[in-house]
1. Anything in the range 119-160 that is touching a strand residue (DSSP E or B) at 6+ places or on another chain (Cβ under 6 Å) and open to solvent by 60 Å² or more (accessible area, probe 1.4 Å)? List them, or say none.
2. If the requirement is being modelled with pLDDT of 80 or more, open to solvent by 100 Å² or more (accessible area, probe 1.4 Å), charged (D, E, K, R) and more than 27 Å from the chain's Cα centre (by Cα), which of these qualifies: K211, K163?
3. Residue check: is A171 assigned to a helix (DSSP H, G or I), at pLDDT 85 or above and surrounded by 10 or more Cβ atoms within 10 Å (Cβ to Cβ)?
4. Could you list, in sequence order, all residues of the range 21-79 that are crowded, with 18+ Cβ neighbours inside 10 Å, farther than 19 Å from L137 by Cβ and hydroxyl-bearing (S, T, Y)?
5. With the structure loaded, tell me whether F21 is without any contact (Cβ under 8 Å) to a residue 60 or more places away in the chain, among the aromatic types (F, W, Y) and over 16 Å from V131 (Cα atoms) or whether it fails that test.
6. The conditions are (1) open to solvent by less than 90 Å² (accessible area, probe 1.4 Å); (2) out of contact with any Asp or Glu (no Cβ under 6 Å at 6 or more places or on another chain); (3) assigned to a loop (DSSP other than H, G, I, E, B), and S106 fails exactly one of them. Which is it?
Amino acid sequence: MPEECITAHCGAVNSLQRSPFFRDILLSVGSFSFAIWKEAAGRDGPLLQSSSSAIPLSGGQWSLTRPGVFFITKANGNVDVWDLSEKSHDPVLSQNVCPLPITAISPSIQPGKRRPGFLALGDRCGTLHVVELPWSLNHCSGPEEIAARGFFDREVERIAYSKERQVLNAAAFRKQEGDDVGPGTSVQESEANTTARMQQEFREYLDLEKKLLVQHGLREPDPDVD
């Protein structure tokens with residue numbers, strides 16, 4: 001039995017890849033979304049999770065040369081290229097490779113600074129497709145490894161802060177509820193007070209609505225009652 005189970009995808013996980021630059025960072029792909037995890041912080045959820053795609057995702061793979069770049073394959077034969085150094089909400093490039101679902105992906109690098117990089121892609125019928133990567137997606141333009149590690153660390157801090165705020169807000173809400181009830185007040189009395197307050201607010205709303213309708217000539221004023 002697993003020690004812990006965390007739900008991140010609405011279906012089966014198709015791919016789980018460890019970053020070649022950071023051994024504690026993982027990329028999972030399943031059904032219609034992907035997620036990036038940090039091993040020590042996985043219990044708090046993923047560092048980054050994509051929105052639900054209209055097309056099922058079939059796999060994923062990290063770049064071998066750029067720490068913040070990874071590739072996501074789709075069931076319609078597309079490959080999305082994500083670059084976290086540019087943006088984290090949309091891919092920087094989407095390329096159609098074939099009309100069939102892509103079932104396998106493997107990046108390759110050639111020795112030498114001026115050599116291009118390639119992606120080997122296999123579709124459902126067993127056809128191999130080799131795609132040459134653009135220069136910008138295969139070569140770092142600066143200390144990208146430091147920037148990528150900083151991105152992941154900031155996401156860990158953001159999740160920890162969000163979790164802490166949830167705990168504080170829940171405690172404040174419970175304290176407020178306790179102050180409203182007061183000592184010696186039963187739950188039934190508290191619910192009755194809440195119902196009475198809501199009914200009073202609704203009556204005030206109806207009175208205000210009536211006044212506005214009369215002011216704008218959309219309703220006749222009520223006749224005076226002797």
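The values are calculated or read from the model by the stated rules, or taken from the named source; none is laboratory data. The structure displayed is predicted, hence computed values, not measured ones. Neighbour counts run over all protein chains shown; Cβ positions are idealised from the backbone, glycine included. These area figures cover heavy atoms from the full protein model, side chains too; ligands, DNA and RNA do not enter into them. Shrake-Rupley method; radii C 1.70, N 1.55, O 1.52, S 1.80 Å.
1. R124, L128, V130, E132
2. Numbers: K163 fails: more than 27 Å from the chain's Cα centre (by Cα).
Within the list K211, K163, the selection yields K211.
3. no
4. Passing the criteria: S28, S33, S58.
5. Judged against the criteria, F21 is not a match.
6. For S106, the exception is condition (3).
Each row is one residue, and each column tells you yes or no for (1) within 16 Å of the chain's Cα centre (by Cα); (2) over 15 Å from I105 (Cβ atoms).
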{"position": "C5", "(1), (2)": "no, yes"}
{"position": "C10", "(1), (2)": "yes, yes"}
{"position": "S15", "(1), (2)": "no, no"}
{"position": "P20", "(1), (2)": "no, no"}
{"position": "F34", "(1), (2)": "yes, no"}
{"position": "A40", "(1), (2)": "no, yes"}
{"position": "G45", "(1), (2)": "yes, yes"}
{"position": "L48", "(1), (2)": "yes, yes"}
{"position": "Q61", "(1), (2)": "no, no"}
